[in-house]
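Okay, so here's the structure we're looking at.
The values are calculated or read from the model by the stated rules, or taken from the named source; none is laboratory data. Only a predicted model underlies this, so the values are computations on that prediction, with no experimental measurement involved. Every residue, glycine among them, receives a Cβ derived from its backbone with ideal geometry; neighbour counts consider all protein chains shown.
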Amino acid sequence: MRPVARSAIAAGLVLLVSQSGAAEEADQGAQLASTCASCHRLDGGGTIIPSIIGLGEERLTNALLAYRASQSPNHIMHAIALSLNDEEIASVARYVAAQGK
């Protein structure tokens, strides 16, 4: 097999794997965000509980980390944030932030 063909096949496989990983992360973010949607409306509609749509990824991540560390006082959010690892927090923050675009 020619070196060019081998490189093309290798590049295609890398691209396929990276796209698969991105799709899995988006699915994980969507799945985790369904928990958020049970209280926070992901369509941006107003309720007593504020919408989280429009908040940036960094702000959402920092908020969840603050709830997890008990730096922001809210028992429910503390419990939810404790149930998430760092990767899950990043995934849900990325997904929710993308919904506001």
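Among the residues that make up the range 51-58, is at least one of them part of a loop (DSSP other than H, G, I, E, B), surrounded by fewer than 12 Cβ atoms within 10 Å (Cβ to Cβ), out of contact with any strand residue (DSSP E or B) (no Cβ under 7 Å at 6 or more places or on another chain) and modelled with pLDDT of 85 or more?
No, every residue in the range 51-58 fails to be part of a loop (DSSP other than H, G, I, E, B), surrounded by fewer than 12 Cβ atoms within 10 Å (Cβ to Cβ), out of contact with any strand residue (DSSP E or B) (no Cβ under 7 Å at 6 or more places or on another chain) and modelled with pLDDT of 85 or more.
Looking only at the range 63-82, which residues are over 21 Å from Arg41 (Cβ atoms) and among the small types (Gly, Ala, Ser)?
Ala66, Ala69, Ser70
Could you grab me the full set of residues in the range 59-85 that are surrounded by 14 or more Cβ atoms within 10 Å (Cβ to Cβ), among the aliphatic types (A, V, I, L, M) and assigned to a helix (DSSP H, G or I)?
Residues satisfying the conditions are Leu60, Ala63, Leu64, Leu65, Ala66, Met77, Ile80, Ala81.
Identify the residue in the range 34-50 that is among the hydrophobic types (A, V, I, L, M, F, W, C) and part of a helix (DSSP H, G or I) and, among all such residues, is nearest to Glu88 (Cα to Cα).
Here the answer is Cys36.
Out of Glu88, Glu24, which single residue is modelled with pLDDT of 70 or more, of a type in the set (Asp, Glu), surrounded by 10 or more Cβ atoms within 10 Å (Cβ to Cβ) and out of contact with any strand residue (DSSP E or B) (no Cβ under 6 Å at 6 or more places or on another chain)?
Glu88
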